[in-house]
């Protein structure tokens, strides 16, 4: 989920943290690819950082797909679920992936 947030971080700092986490998450899925059986499922939280009423996302889903995973949507309308309360600096995006 990244380093603890104080709420005073600037956009550059948050984007750098997002890039670092993206690399970490891609590495994790490379490891999952090696140990999971075909059709194995991973439920994974990919956070978004809230800054000035926008969300800075971690762009790793395409790379995860290239590693050999497909998204299992939660519904026709929701590819992922988001948990976020007003005033929080971090939104938790809950994804389901299946090894193909």
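Rule-based calculations on the coordinates, nothing more; no lab input. The structure presented is a predicted model; accordingly, all values stated were derived computationally and were not measured.
Indicate, rounded to the nearest 5 percent, the antiparallel portion of the DSSP beta bridges found entirely in the chain.
100 percent
Compute the helix-to-body angle for 11-35: its Cα long axis versus the longest principal axis of the chain, expressed 0 to 90° and rounded to tens.
20 degrees
What is the gain in length, in nm to one decimal, between residue 74 and residue 33 on full extension, counting 0.36 nm per residue of separation less the C-alpha to C-alpha distance?
12.6 nm
Over the chain, what is the mean sequence separation of C-alpha contacts under 8 Å (at least six apart), divided by residue count, expressed as relative contact order in percent?
Normalised by residue count, the contact order of the chain is 33 percent.
Compute the length gained on full extension between residue 20 and residue 52: take 0.36 nm times their separation in residues and subtract their Cα-Cα distance, giving the result in nm to one decimal.
Working it through step by step, the gained length comes to 9.4 nm.
Cα centroids of region 1-59 and region 81-100: how far apart, whole angstrom?
10 Å
For Rg and Dmax of the Cα atoms in Å, which listed value, (1) 24.5, 79; (2) 14.2, 43; (3) 13.4, 41, comes from the coordinates shown?
(2)
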